[in-house]
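Asker: Sharing a structure with you now.
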Amino acid sequence: MRNHSELTLTPLLVCGRHRLPLDRPLVMGVLNVTPDSFCDGGRYLDRSAALDRARQMIEEGAAIVDVGGESTRPGAAATPERTELERVVPLIAQIAALGAPVSADTRKPGVMRAAIAAGASMINDVSALRASGALEAIADASAPVAICLMHMRGEPQTMQQSVSYNDVAAEVTAFLAARAAACEAVGISRERIVLDPGFGFGKTVEHNLDLLRRLPEVVGLGFPVLVGLSRKSMLGALTGRAVGERMAGSLAAALAAVVRGAKIVRAHDVRETVDVLKVWSAV
Ligand code: HH2
């Protein structure tokens, strides 16, 4: 039997009860409810401030709101599961009740299960479901949640210490292909899978640039590709700007990625990113 996306010709991402069209690039809005995230840490710890920001991002055109309760910036310490659950689960339920697709940015199977039960439509895992029990948390889910599989070398605490690759783009592409195959092997269908090369996760500026140039190799695996470049330190290295002054660099990086086939852009500056992609899509 042919699936819906083949019948309509518009490629779709199955995202829980949502179907996201992928004929033009989408924006995933970042919402971190942490004290220590590198860009918005501490700003949305208050639940009502977080919910207001989610509402605003949806109004500005975010297709997905990505809620994170643990910083994965280089050097970040791990967050206990109970703390992460308290930060994200009630908020996910409130955002899902607005009718928008919500993603949970987590590496922990227990948080994945609780987030899905609270209404998350997507799980965004920077460790690509490598934690014990993570594949099962998605495969056993009662709803067909989408899963973003990201490449990361090492762990956040140490990932920027002595990174080396023979061929970063080839190694990242092979890793992502293997993780997608592991998902399909436990019954997670292709229409639910998103791949992300993981900019800044165990990579130098040169690695990131090489990966971005060769993004079509990841795109060539046939899954929608998500990129997270927003406000990251490579933009600081290229422009000399502090985190708060990297919006222009972030927009240029988003465009460089969609030109090479990225379908979802993870961004802090939703309104501006949506505008840039609207203009690019119209052309
Ligand atoms: N980057 C961050 C967090 N999650 N998920 C995906 N799929 N891709 C990314 O590039 C990515 C991600 C880091 O950014 P942020 O959430 O703003 O910061 P922190 O990890 O400090 O909370």
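Asker: Whole number please: convex hull volume per residue of the Cα set in the chain, in Å³?
Answerer: Details: hull volume 34.5 nm³, N = 283.
So the per-residue Cα hull volume is 122 Å³.
Asker: When only Cα pairs under 8 Å and 6 or more residues apart are kept, what is the percent relative contact order across the chain? Mind dumping the intermediate values first?
Answerer: Details: 565 pairs, mean separation 53.5, N = 283.
Contact order relative to length: 19 percent.
Asker: Turning to a different aspect of this structure: Using a cut-off of 13 Å between beta-carbons, work out the net charge of the residues near SER281 (Lys and Arg +1, Asp and Glu -1, SER281 not included).
Answerer: My count for the surroundings of SER281 gives +1.
Asker: Label points 7 Å out from Cα along the Cβ direction at VAL243 and ASP46: separation in nm?
Answerer: So the two model labels end up 1.9 nm from each other.
Asker: Something else about it: If the chain between ARG19 and ALA117 were fully stretched, how many nm would it gain, using 0.36 nm times the residue separation less the Cα-Cα distance?
Answerer: 33.4 nm
Asker: If packing is taken as the average count of other Cβ atoms within 10 Å, what order do 98-110, 216-228 fall into, highest mean first?
Answerer: Numbers: 98-110: 22.8, 216-228: 20.1.
Sorting 98-110, 216-228 by mean packing, highest first, produces 98-110, 216-228.
Asker: Now for a separate question. So for the pair SER281, ARG82, with labels modelled 7 Å out along Cα→Cβ, what separation do we get in nm?
Answerer: 4.4 nm
Asker: Okay, next question. Between GLN56 and ASP210, take the C-beta separation as r, use R0 = 35 Å, and let me know the FRET efficiency to the nearest 0.05. Numbers along the way, then the final one.
Answerer: Working: r = 35 Å, r/R0 = 1.01.
It comes out at approximately 0.50.
Asker: Grab the DSSP H runs of the chain that are 4 residues or longer, score each as -39,500 (n - 2.57), total them, divide by all residues and round the 222 nm result to the nearest 500 deg cm²/dmol. Don't skip to the answer; put the middle values down first.
Answerer: Values: 11 runs with 115 residues, N = 283.
Computed ellipticity for the chain at 222 nm equals -12000 deg cm²/dmol.
Asker: Looking only at segment 1-98, where both bridge partners belong to it, what percent of the DSSP beta bridges are antiparallel (to the nearest 5)? All intermediate terms of the calculation are to be shown ahead of the outcome.
Answerer: Numbers: 4 of 9 bridges.
Of the beta bridges lying entirely in segment 1-98, close to 45 percent run antiparallel.
Asker: What distance in nm lies between label points placed 7 Å from Cα along the C-beta direction at GLU171 and VAL186?
Answerer: About 2.5 nm, to one decimal.
Asker: Considering only DSSP beta bridges whose two residues both sit in segment 5-161, what percent are antiparallel, to the nearest 5?
Answerer: On the way: 4 of 20 bridges.
Antiparallel: roughly 20 percent of the beta bridges in segment 5-161.
Asker: OK, next. Show log10 I(q)/I(0) for segment 46-151 at q = 0.15 Å⁻¹, two decimals, from a solvent-free Debye sum over equal Cα scatterers.
Answerer: Values, matching the q order: -0.57.
All of the numbers you see were taken from the coordinates with simple rules; none came from a lab. Quick caveat, the model's predicted, so the values are computed rather than measured. Reconstructed Cβ throughout: ideal geometry from the backbone, glycine too, with neighbour counts over all protein chains shown.
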